[in-house]
1. Mind sorting His35, His279 by how few other Cβ atoms lie within 10 Å of their own Cβ, fewest first?
2. Can you list residues from other chains, or at least 5 along the same chain, whose modelled amide H is less than 5 Å from the amide H of Val236?
3. According to a simple spin-label model (label point 7 Å from Cα along Cα-to-Cβ), what is the distance in nm between Ser293 and Glu184?
4. What value, in deg cm²/dmol to 500, does the helix sum -39500 (n - 2.57) over DSSP H runs of n ≥ 4 give at 222 nm once divided by the residues of the chain?
5. Where does each of 69-82, 222-235 land if you order them by average Cβ count within 10 Å, highest first?
6. Pull up the cross-link candidates among the lysines for Lys255, meaning alpha carbon to alpha carbon under 26 Å and not fewer than 8 places away within one chain.
7. Distance check, please: which entries in Lys66/Lys166; Lys51/Lys156; Lys81/Lys116 exceed 18 angstrom between their Cα atoms?
8. Counting other beta carbons within 10 Å of each residue's own, what order do Leu13, Leu39 fall into, fewest first?
Amino acid sequence: MNTRQRVRLNMLLTVRNCVTQNEAVAKNIPKFMEHYLSLQSTTNEIQEIGKLQGIDKTGVAADKNKLKKNLITLASKNSRKIAALAKFINSDKLLNEVKYNEAQLERFPETGLIEKAMTIYSCGEENIASLAEYGINPETQKAFLDNITALNKALKTPRTTITERKKLTERLAVLFQAAEDATEMMDYSVGIIADEQIDFANAYKASRKLVNTNSGIVSLKARATDNTNGEPLPGVVFTFSLDGNGAMVTGGNGKLIKKTAGKGSFQVRNMKAGTYSVHVQKSGYKERELSVSVSDGERSELKVGLEQ
């Protein structure tokens, strides 16, 4: 859920509280309650999706790292034991297939590690009878294979998560539109009794205002880099001019001027929504002219590469 949607959700919850506190009046307004009930169910589902989106996903990465570390430990341990057998029976082929130390295994990406671990596991299976005295047996092999399988499964989890997030995002858009439709109909119903139920009408009207409680929201993040080497460029001057007749809230002569800091970037808070013409310049580099759009409640990104 983006910032704009959170602001809209806060408004919907405020409307819900207003109606709950004034139910005696609200239930007698023509066509009001039927649309309010629709709004209630829609708001409840929006809240549930918000909870799902807020679930900490770092646990997935933590589990994957733990599984990887365990697999490296098991693979290197089995590798040493099978390598000893290979040396004792003078099998260079077997030795070359399994001889990996822990440092080497750590350098492999997860998919490469799984491949090498499966090779070590297979060599253990082929020589299981001879490896009993080395501490490799069906039970240890099962534990080894279980760890390989678990890591392989964990690697597929992020892709599934991305798919689920996309579906939730699409569902949110539908729900917020449904909420917008319901509140619009409720607005018309309140208009019927606005002259008779002045207190309720005023309270309802106040609850329908969108209020952004996060006054420090970042509207725009900009970054400048050198096109040749990709290094961040400090001291790059960005001049923003709002297209059309809208006046800038900040800056002189209707313009906002910002300069990149040591890491080649800067942030602007609370920019007025609209499309901005941007002039970018730095001594020793070619000047650039481009545009960027800023939306209410959402952060825009502006990345600029400059040529010397």
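Bear in mind that the values in this text are calculations on the coordinates, not laboratory data. Keep in mind that this is a model prediction, so the values were computed, not measured. Glycine gets a Cβ as well: all are built from the backbone with ideal geometry, and neighbour counts include every protein chain shown.
1. His279, His35
2. Thr260
3. 2.0 nm
4. Rounded to the nearest 500, the figure is -19000 deg cm²/dmol.
5. Those peptides, ordered most packed to least, come out 69-82, 222-235.
6. Excluding near neighbours in sequence, the set is Lys221, Lys263, Lys272, Lys282, Lys286, Lys303.
7. Working: Lys66/Lys166 27 Å; Lys51/Lys156 23 Å; Lys81/Lys116 15 Å.
Cα-Cα > 18 Å for Lys66/Lys166; Lys51/Lys156; rest within.
8. Details: Leu13 14, Leu39 22.
In increasing order of surrounding Cβ atoms, one gets Leu13, Leu39.
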